[in-house]
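Participant: I am attaching a structure below and will ask some questions about it afterwards.
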Amino acid sequence: MPLENSELENRPVDYVTIAAKGCLGAVPFVGSLLAELAGNVIPNQRIDRITKFALLLETRLGELERVELQTRMATPEGADLLEEGIRQAASSLSDERREYIANLIANGIACSDISDQESKHLLRILGELSDVEIIWLRSYAEQTMGGDNEYREKHAVVLDIEPAFVGSPQSVLDKNSLAKSYKLHLARLGLLQERLAIDHKTKLLKIDSQGKTEVKGYDLSGLGWLMLRSIGLSDDLG
């Protein structure tokens, strides 16, 4: 049975390592690979989170991918990628987030065009995203009128933002400010690209009241599409 933080905090690192190996040993293939890393990488974190991550990765890998993972684990780049995955899995609060991490690593292994260093780069970007920002990112995958209604209804609490006007309640202004900050962060990470507003009369870019180029909206960038594919959020798109 996985140990809780309270049980691990006062134990020497050797005991934490033993606990990690014991829990991960229940996962036939991936668990045995991660056990050697877990005790050193996450000495005082919840081992149950790492075990859940190992189970997700185990399920995601096919036979050929398992052989490839074992081969890559013998390289510094492969071991470094798995260590980063363990760190993020240990700090993640949901199975959904751990599934994103497992998918990203598994898809990187399955795709010969993506190196371990490139997968780690994507993993680090994923680590900078909140769960809410991932929802916003996915919402830009299908922006046709009436498209993706099921997804938008599922995440209506996040995506349905009441427009803000002069005199709007502070709660509405705050929600709009937060939504804007999510999109700006996604754009800064290169996952969204700005769609600039153009003056139809002058055919020049519009300038807003702050003297900046007016942003009409956002579209998924190539990197944004790659991220969605890597974490398994584009499989259901046409």
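Participant: Full-extension gain between Glu65 and Ala164, please, as 0.36 nm times their residue separation minus the C-alpha to C-alpha distance.
Facilitator: Once the chain is fully extended between Glu65 and Ala164, it gains 30.7 nm.
Participant: Under 15 Å from the Cβ of Ser115, count the other residues' Cβ atoms, weight Lys and Arg +1, Asp and Glu -1, and hand me the total.
Facilitator: -4
Participant: Past 26 Å, Cα to Cα: identify those pairs from Lys52/Lys175; Lys120/Lys183; Lys120/Lys216; Lys154/Lys180; Lys154/Lys206; Lys180/Lys212, in the order given.
Facilitator: Table pairs above 26 Å Cα-Cα are Lys52/Lys175; Lys120/Lys216; Lys154/Lys206.
Participant: With θ taken as phi - 60° and the coefficients 6.51, -1.76 and 1.60, list the Karplus ³J(HN,Hα) couplings across region 190-202 in order, rounded to whole Hz; mark glycine and proline as x.
Facilitator: These are the phi-based 3J(HN,Hα) values: x, 8, 10, 10, 5, 9, 7, 7, 10, 6, 5, 7, 8 Hz.
Participant: Mind checking the full-extension length gain between Val172 and Met73? Use 0.36 nm per residue of separation minus the Cα-Cα distance, one decimal, nm.
Facilitator: Once the chain is fully extended between Val172 and Met73, it gains 30.7 nm.
Participant: Also: Taking K and R as +1 and D and E as -1, what net charge do the other residues with C-beta under 14 Å from the C-beta of Glu65 add up to?
Facilitator: Value of the local net charge: -1.
Participant: Additional query: Could you derive backbone 3J(HN,Hα) for region 68-85 from the dihedral phi with the Karplus parameters 6.51, -1.76 and 1.60 (θ = phi - 60°), listing whole Hz in sequence and x where the residue is Gly or Pro?
Facilitator: 5, 4, 4, 5, 5, 4, 7, 9, x, 5, x, 5, 5, 4, 5, 4, 5, x
Participant: For Glu68, Glu194, write out the residues from largest to smallest accessible area, computed with a 1.4 angstrom probe and no ligands counted.
Facilitator: From most exposed to least exposed: Glu194, Glu68.
Participant: Right, another one. Hey, if you put +1 on the Cβ of every Lys and Arg and -1 on every Asp and Glu Cβ in region 49-132, which of Ala110, Leu129, Leu93 ends up farthest toward the positive end of that dipole?
Facilitator: Going by the Cα projections, it comes out as Leu93.
Participant: Please give the charge dipole size of region 65-133, origin at the Cα centre, charges +1 on K and R Cβ atoms and -1 on D and E Cβ atoms. Round to the nearest 20 debye.
Facilitator: Dipole about the Cα centre, nearest 20: 180 debye.
Participant: Based on the Cβ-Cβ distance from Arg229 to Ser130, what FRET efficiency comes out when R0 is 30 Å, to the nearest 0.05?
Facilitator: That pair, Arg229 with Ser130, gives E of 0.90.
Participant: Skipping prolines and chain starts, which residues have an amide H placed within reach, meaning under 5 Å, of the one on Ile198, given they are 5 or more residues away or on another chain?
Facilitator: Lys206
Participant: Charges only on Cβ, +1 for Lys and Arg, -1 for Asp and Glu: so what's the dipole of region 111-238 about the Cα centre, in debye to the nearest 20?
Facilitator: That gives a dipole near 560 debye.
The values are calculated or read from the model by the stated rules, or taken from the named source; none is laboratory data. Source: prediction; values computed, not measured. With ideal geometry, Cβ positions are generated from the backbone for all residues, glycine too; neighbour counts draw on all protein chains shown. Remember, those area values only see protein heavy atoms, side chains included, never the ligands or the DNA or RNA. Shrake-Rupley method; radii C 1.70, N 1.55, O 1.52, S 1.80 Å.
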